[in-house]
Amino acid sequence: MTYRTAMALLTAVLLALPLRAAAADTAGSAAAGEEVDVKAIVLEHLSDSYWWHIGTFGGRDVSLYLPVIVRSSAERGGWYCFSSRHLADGASWEGFSIAAEGKYEGKIVETLPDGSTVRPFDLSVTKTVAALLLNSVIVLLVILVPAGWYRRHRYDVKAHPKGFTAFMEMAIEGLQDDLIKPCVGENWKRFSPYLLTVFFFILVCNLMSLIPFFPGGVNVTGNIAVTFVLALASFLVINIFGGRAYWKDIFWPDVPAWLKVPVPFMPVIEFIGIFTKPFALMIRLFANMVGGHAAILCLVCVVFVTAGMGAVMNASMTVVSVLFTIFMNCVEVLVAFLQAYVFTMLSGVFIGLAQEGKTEKKVEKLKK
Amino acid sequence: MGLLQPEPGLLIWMTLAFAVVFILLAKFGFPVIQKSVDRRREYIDSSLAAAGEAQKKLDDLQVQMDEVRRDAEKQKTEILRSAVQTREQLIAEARRKAGEEGEKIIAAAKASAQLESDAIIRDARHQVALLSIAISERLLRERLSSDPQSQTALAERLLAEMDPEKKAPEDKPEKE
């Protein structure tokens, strides 16, 4: 009953809002004729920036200006560190400015004395970096605070946690028992900390990116550099700890000899496979997060795109847009968890496969 | 497209952040939790084992107790049975003894009664003899006083009657 009333109320409010907006428009607003550039909005959200735009309050943009750290590529050299406030609105500072167009659009470029622009080595704390650091702190808190409880109670066997610590214990134990143990196999204890770190890191980043206002909303895992590092980490773990059987399977697989002797078809395919596995991990996470965010943004933009099409159209499309956005957000929460799970699971499976030879060897030793 | 080109700066930041997070969590996070949970699991397992042991001991004790009880029960019946036996034995013994005693007493009484009755009979016979002698004396005296011949005949006849061994003819002359 209350659910139905709430839904009816929501629909009514959503229908009424654009009517008022339309009335205001007809009263003679400046923005009446402006077209909404959906692509720009979506790309702006998905790409990085040198400040963190918090919101526009009463016509004034409120942003968190982040530090710019660059090393000049020009002859002068040296490190430059200043607030991105100095670069706002296309301003230039110490020869650095944000390129408005061209190859380095949206990035800091250095203007050389002869007028040409080069890209300096850019170690700036961008919006993504800031969110990344914030998410890292959250991950640390989420794990280290419960760990602190265990540290305090390490001599008390009978103590059992409550609340958040208990929840985290349940989550960690569940992941270990149902995901890491079956995927990695015998050596799971060795890789469990890495896989758990990956899981919680991705999960926190995914969930934070779904929060639409300030501390969240930055699509960290939808950035190829972030997923690249995560995939690289898995790649390193897989190959550094891979057993002899794993390498033998790559360079001398169990296939008919003609597939590997004159022209090493299979070894080449297997060798490429080493890289395609983490590459797939990288692209999967990146594409899922980008896609989800783009879908949500497009659905939200429906409201503004239809603003110029009359009050009735706008009102009905607003209802559709909000309902679809709610649905997409729910799906994205699921995807946020799912992608963290899948990344962890596949990393675990690849690690387990690379480990396989070791366990076989042990079994053989035991048999002897 | 810019989206697919990783920024070197971001790569460095991400590597740094992820490495720090991983090292901190792998050192102070998950192993601490895991160790604690493992210890608790061990404790629970050992507690369960101990509880099982105690239960088993209790069961054993119960069995032992039952055995002891059954033993006691058996002993009780044994004792009761032997008591009944003893009682019956005692009673039988007493009865037997009493019977013997009674018989003895009865026999003694019978013997003494026989003796007495014999003595009485003897006495009575003696008395009767004396009386009959006295009577016969009187009779004889009366008869004899009248007729001396009949006195002799009578004496002889009487003597013959009295002496069944026919000693009369011999005695007769003596008495005569």
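The residues of the stretch A:142-151 that are more than 7 Å from chain B (Cβ to nearest Cβ) and small (Gly, Ala, Ser) amount to a single one, A:Gly148.
Among all residue pairs at least 6 apart or on different chains, which show Cβ distances below 9 Å where the first residue, located in the stretch A:280-297, is closer than 14 Å to A:Val226 by Cβ and touching a residue at least 60 places away in the same chain (Cβ under 8 Å) and the second is outside any helix (DSSP H, G or I) and among the aliphatic types (A, V, I, L, M)? Here the result reads A:Met289/A:Val220, each pair linking the stretch A:280-297 to a residue that is outside any helix (DSSP H, G or I) and among the aliphatic types (A, V, I, L, M). For the stretch A:130-159: of the residues being of a type in the set (Val, Ile, Thr) and free of Cβ contacts under 8 Å to residues at least 12 places away in the same chain, which is nearest to A:Ser49 (Cα to Cα)? Among those residues, the one meeting the criterion is A:Val137.
Working only within the stretch A:102-141, note down all residues that are part of a strand (DSSP E or B), more than 7 Å from every other protein chain (Cβ to nearest Cβ) and of a type in the set (D, E, K, R). The one that is part of a strand (DSSP E or B), more than 7 Å from every other protein chain (Cβ to nearest Cβ) and of a type in the set (D, E, K, R): A:Glu110. Among the residues of the stretch A:231-244, are any touching a Lys or Arg at 6+ places or on another chain (Cβ under 9 Å) and either among the aromatic types (Phe, Trp, Tyr) or outside the structural domain of A:Thr325 (by TED's automatic domain parsing) (or both)? Yes - at least one qualifying residue is present in the stretch A:231-244. Considering every residue within the stretch A:104-121, establish whether at least one is touching a Gly at 6+ places or on another chain (Cβ under 7 Å), surrounded by 16 or more Cβ atoms within 10 Å (Cβ to Cβ) and hydrophobic (A, V, I, L, M, F, W, C). The answer is no; no qualifying residue exists. Candidates are the residues of the stretch A:288-317 that are within 31 Å of the chain's Cα centre (by Cα) and β-branched (Val, Ile, Thr); the one that is nearest to the other protein chains (Cβ to nearest Cβ) is A:Val290. Checked against the criteria, B:Arg39 counts as farther than 30 Å from A:Arg119 by Cα and within 14 Å of another protein chain (Cβ to nearest Cβ).
Let's see how each residue does on (1) modelled with pLDDT of 90 or more; (2) assigned by TED's automatic domain parsing to the domain that holds A:Leu196; (3) surrounded by 16 or more Cβ atoms within 10 Å (Cβ to Cβ); (4) assigned to a helix (DSSP H, G or I):
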| site | (1), (2), (3), (4) |
| --- | --- |
| A:Val268 | no, yes, no, yes |
| A:Ala280 | yes, yes, no, yes |
| A:Arg284 | yes, yes, yes, yes |
| A:Ile326 | yes, yes, no, yes |
| A:Leu334 | yes, yes, no, yes |
| A:Thr344 | yes, yes, yes, yes |
| A:Ile351 | yes, yes, yes, yes |
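Within the stretch B:76-91, is there a residue that is within 14 Å of chain A (Cβ to nearest Cβ), loosely packed, with under 15 Cβ neighbours inside 10 Å and more than 22 Å from A:Phe199 (Cβ to Cβ)? No: the stretch B:76-91 contains no residue that is within 14 Å of chain A (Cβ to nearest Cβ), loosely packed, with under 15 Cβ neighbours inside 10 Å and more than 22 Å from A:Phe199 (Cβ to Cβ). One residue alone among A:Ser97, A:Ser73 is over 28 Å from A:Ala287 (Cα atoms), at pLDDT below 80 and either in contact with a strand residue (DSSP E or B) (Cβ under 9 Å, 6 or more places away or on another chain) or assigned to a strand (DSSP E or B) (or both), and that residue is A:Ser73. Residues considered: A:Phe251, A:Phe214. Of these, the only one that is at pLDDT below 85, surrounded by fewer than 17 Cβ atoms within 10 Å (Cβ to Cβ) and within 25 Å of A:Ile54 (Cα to Cα) is A:Phe214.
Taking the stretch B:1-34 as the range and being more than 8 Å from chain A (Cβ to nearest Cβ) and modelled with pLDDT under 90 as the test, only B:Met1 passes.
For the stretch A:69-90, the criterion of being of a type in the set (Lys, Arg), away from chain B (no Cβ under 14 Å) and farther than 30 Å from B:Val21 by Cα is met by at least one residue. Evaluate the following for B:Pro31: is it within 30 Å of A:Pro67 (Cβ to Cβ) and free of Cβ contacts under 8 Å to residues at least 40 places away in the same chain? Taking the combined requirement at face value, the residue does not satisfy it. Of A:Lys127, A:Lys162, all but one fail to be charged (D, E, K, R) and closer than 20 Å to A:Val204 by Cα; the exception is A:Lys127.
The number of residues in the stretch A:217-230 that are buried (at least 22 other Cβ atoms within 10 Å of the Cβ) and either away from chain B (no Cβ under 11 Å) or among the acidic types (Asp, Glu) (or both) comes to 1.
Listed here are the residues, each with its yes/no results for (1) modelled with pLDDT of 85 or more; (2) exposed (fewer than 11 other Cβ atoms within 10 Å of the Cβ); (3) over 30 Å from A:Met289 (Cβ atoms).
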position: A:Ala27; (1), (2), (3): no, yes, yes
position: A:Ala30; (1), (2), (3): no, yes, yes
position: A:Asp37; (1), (2), (3): no, no, no
position: A:Val42; (1), (2), (3): no, no, no
position: A:Phe57; (1), (2), (3): yes, yes, no
position: A:Tyr65; (1), (2), (3): yes, no, no
position: A:Trp79; (1), (2), (3): yes, no, yes
position: A:Ser84; (1), (2), (3): yes, no, no
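For the stretch A:158-186, taking the residues that are surrounded by fewer than 16 Cβ atoms within 10 Å (Cβ to Cβ) and touching a Lys or Arg at 6+ places or on another chain (Cβ under 9 Å), the one that is farthest from the other protein chains (Cβ to nearest Cβ) is identified as A:Glu186.
The values are calculated or read from the model by the stated rules, or taken from the named source; none is laboratory data. Nothing here was measured: the structure is a model prediction, and the numbers come from that model. Please note: Cβ atoms are built from the backbone with ideal geometry, for glycine as well, and neighbour counts cover all protein chains shown.
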